[in-house]
1. Give, in nm to one decimal, the length gained when the segment between residue 456 and residue 180 is fully stretched (0.36 nm per residue of separation minus the Cα-Cα distance).
2. At 222 nm, what helix-only mean residue ellipticity would the chain give, in deg cm²/dmol to the nearest 500, using -39500 (n - 2.57) for each DSSP H run of four or more?
3. In degrees between 0 and 90, to the nearest 10, how far off the longest principal axis of the chain does helix 179-188 point, with axes built from Cα atoms?
4. Could you please rank 57, 8, placing first whichever residue has the fewest other Cβ atoms within 10 Å of its Cβ?
5. If you average the sequence gap of Cα pairs under 8 Å that are 6 or more apart and divide by the length of the chain, what percent do you get for the contact order?
6. What are the radius of gyration and Dmax of region 286-395, computed over its Cα atoms and given in Å?
7. Suppose a student asked you for the relative contact order of region 372-507, using Cα pairs under 8 Å spaced at least 6 residues apart; what percent would you report?
8. Can you list the residues of region 287-323 with backbone N under 15 Å from a point 7 Å past the Cα of residue 229, pointing along Cα to Cβ?
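Every read-out reported here was derived from the displayed coordinates using simple, explicitly stated rules and does not represent laboratory data. None of the values given here were measured: they were computed from a predicted structure. For neighbour counting, all protein chains shown are included, and Cβ atoms are generated from backbone atoms with ideal geometry for every residue, glycine included.
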């Protein structure tokens with residue numbers, strides 16, 4: 001979109017927040033860059049130029065606006081609606097892969113050379129992987145500076161910088177403030193979007209300073225509207241005891257992270273998601289936030305989705321009744337794949353029971369002083385050694401589970417933000433016991449494909465029949481062609497016609 005100058009100028013002049021994250025406005029006279037909804041008086045059109053990423057702005061010599069905090073914009077919905085190389089690379093960079101594994105590690109995950117990845121990212125985003133990772137490190141550093149009392153040296157290394165000097169230089173260059181000035185400004189509460197919120201890492205803003213060691217409270221913004229009913233209702237209704245819970249109006253769960261573990265509490269608010277993170281190692285902050293945003297589908301563009309689904313006269317009343325439905329996803333694709341197998345042809349309660357037994361037997365114990373979480377969900381490597389006879393499952397289901405776990409554990413099947421959706425489908429469908437329903441539900445909720453579709457799902461077929469849509473899988477798939485590429489969202493609207501716990505925000 002950033003190449004369409006006339007459209008970008010109109011969005012800036014109207015201060016349209018829907019375009020935050022789609023592009024960034026760089027002002028040639030002041031050398032600052034802003035989000036489209038920046039509250040200041042818009043500059044003259046001839047003084048504006050547009051970039052596709054904050055990293056590209058920084059690389060061109062612009063600094064972040066202190067008023068609108070452009071680096072806290074919701075992420076571009078484009079990267080979660082695509083599975084090409086650039087989109088997968090962006091998702092991995094957002095997860096901190098470059099900081100942990102370098103550009104060669106990023107390229108290796110994607111199956112390309114480092115030079116090819118560099119060329120593709122430069123062509124589409126105006127910045128290479130190192131520049132994109134550097135911009136993210138700066139954002140993470142600011143969040144730690146403004147919300148914690150960590151010494152600056154600890155902040156630097158936790159944010160992924162290799163030296164104190166690089167940390168100091170980057171913060172000054174990006175924010176036009178030294179780290180100590182940034183901390184003092186945050187303490188006064190004078191920074192943030194519109195002067196109201198202190199800003200954080202990608203798509204976050206801080207709500208309160210950290211008062212407990214290892215705990216950070218922040219806001220996760222989203223593009224309105226957002227309907228929390230099915231989003232949090234689904235997560236709470238299918239929660240695995242010990243790993244997930246609904247407590248005091250918040251969805252809480254444990255997180256397995258590269259440097260340790262964490263516990264997150266997510267609470268829906270009218271204009272943001274309140275997020276409280278407890279981490280054993282602050283270096284995991286970037287991945288923890290990225291995982292939570294992906295699980296809640298916060299970077300979606302609900303206006304575009306609902307506009308297309310509303311064009312179907314039978315879906316239009318459902319969209320108008322409760323617009324802004326998101327697809328409830330997951331923080332760990334491998335975990336969800338295991339849970340999908342456990343949930344085959346059984347009730348939600350039975351699936352939770354099966355998963356809880358695995359967690360108790362093979363999960364890593366954790367302490368949760370604030371609630372009832374007890375374990376991390378077991379990794380595939382921990383489940384690879386389980387005794388099939390100990391599983392209270394039909395023999396065929398045991399074979400399905402053990403085959404899946406073995407493939408995940410040895411790396412022959414990789415599920416995650418770097419997955420090619422079509423390739424993952426091809427690998428899953430050949431596993432014993434995997435049919436179209438299991439493959440598509442994993443594609444929808446674990447891989448994040450917005451066009452995944454479940455025409456054989458019983459709830460879908462009942463909802464379709466009730467609305468007058470075709471109820472046979474083939475006919476429903478043909479009718480759903482008009483809903484592409486947002487069929488996963490159509491599934492949420494159809495599921496919502498039933499009076500099931502997954503459709504209701506818990507009391």
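1. Working: separation 276, 0.36 × 276 = 99.36 nm, distance 5.76 nm.
Once the chain is fully extended between residue 456 and residue 180, it gains 93.6 nm.
2. It comes out at -13000 deg cm²/dmol, rounded to the nearest 500.
3. The angle comes out near 80 degrees.
4. Numbers: 57 28, 8 22.
Exposure proxy ranking, most exposed first: 8, 57.
5. On the way: 934 pairs, mean separation 66.7, N = 507.
It rounds to 13 percent for the chain.
6. When restricted to Cα atoms, region 286-395 yields Rg and Dmax of 18.6, 52 Å.
7. Numbers: 123 pairs, mean separation 21.5, N = 136.
RCO, region 372-507: 16 percent.
8. 316-323
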